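As structure tokens, the structure follows; a few thoughts come after it.
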Amino acid sequence: VIMIGDKDLPLHNVRIAVIESSADKLVHEISELVDKKFITTIDKEDINDLAKNLDNIIDSIESASARMEIYNITDIHPKMPDICKKLVDICEVTESAIWCLINKKELKPGGQFAAKLLTIHEIEHLCDSTYRQALKELWKKEKDFKNLVAWKDIFTRVEAATDACDHVATILERIRIKYYA
């Protein structure tokens with residue numbers, strides 16, 4: 001959200017690229033650590049699936065950010081602040097849902113875990129709707145074909161990040177059912 005607010009795309013792209021690179025390294029470290037463990041509290045496949053899908057979130061964010069610089073975006077599309085706000089919201093709820101795996105009392109009926117997963121799904125549906133509205137508006141109003149293609153690409157990548165959050169929620173629910181139900 002800050003990135004589109006202050007329009008310093010190169011600075012934010014560098015920051016996001018560093019985060020994305022760190023995330024890739026972390027996924028690799030998690031995979032190596034899981035492979036070395038004989039017994040894990042959660043199936044190795046579930047841990048790797050969760051790590052991979054978390055990485056998909058940041059990969060999609062980094063990709064959208066890079067496209068804004070590649071396409072030399074100078075004017076922010078009116079739907080972009082709304083879409084970015086929803087992306088931040090879904091990422092924050094996804095993070096808090098992951099922490100519930102550590103605080104196991106949250107996983108029990110009446111805990112916050114189920115509500116967080118539902119919130120993730122709800123935000124993702126709102127993002128889908130906003131994404132479709134943005135594309136419809138873009139198609140209807142944008143006369144410059146290059147801008148149309150650029151913004152469609154950027155919106156699609158941001159929407160992929162919200163989809164990745166939804167996939168993480170599905171994995172978290174599967175883990176809860178397998179181990180804590």
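Are any of the residues in segment 106-114 in contact (Cβ under 8 Å) with a residue 60 or more places away in the chain, part of a loop (DSSP other than H, G, I, E, B) and not small (Gly, Ala, Ser)?
Yes.
Quick one: in segment 76-92, of everything that is surrounded by fewer than 20 Cβ atoms within 10 Å (Cβ to Cβ) and of a type in the set (A, V, I, L, M), which residue is farthest from Leu9 (Cα to Cα)?
Looking at the filtered set, the residue picked out is Val88.
Which condition does Met68 not pass, out of (1) open to solvent by less than 30 Å² (accessible area, probe 1.4 Å); (2) at pLDDT 95 or above, if it passes all the others?
Failing condition for Met68: (2).
Among the residues of segment 93-105, count how many are part of a helix (DSSP H, G or I) and open to solvent by 60 Å² or more (accessible area, probe 1.4 Å).
4
Any residue that is β-branched (Val, Ile, Thr) and either outside any helix (DSSP H, G or I) or open to solvent by 40 Å² or more (accessible area, probe 1.4 Å) (or both) - is there at least one of those in segment 124-133?
no
What's the total number of residues in segment 150-179 that are over 17 Å from His121 (Cβ atoms) and open to solvent by less than 60 Å² (accessible area, probe 1.4 Å)?
Summing the residues that are over 17 Å from His121 (Cβ atoms) and open to solvent by less than 60 Å² (accessible area, probe 1.4 Å) in segment 150-179 gives 7.
The values are calculated or read from the model by the stated rules, or taken from the named source; none is laboratory data. For clarity, every value in this text was computed on a predicted model and none was experimentally measured. For neighbour counting, all protein chains shown are included, and Cβ atoms are generated from backbone atoms with ideal geometry for every residue, glycine included. Surface areas here come from the heavy atoms of the whole protein model, side chains and all, with no ligands, DNA or RNA. Shrake-Rupley method; radii C 1.70, N 1.55, O 1.52, S 1.80 Å.
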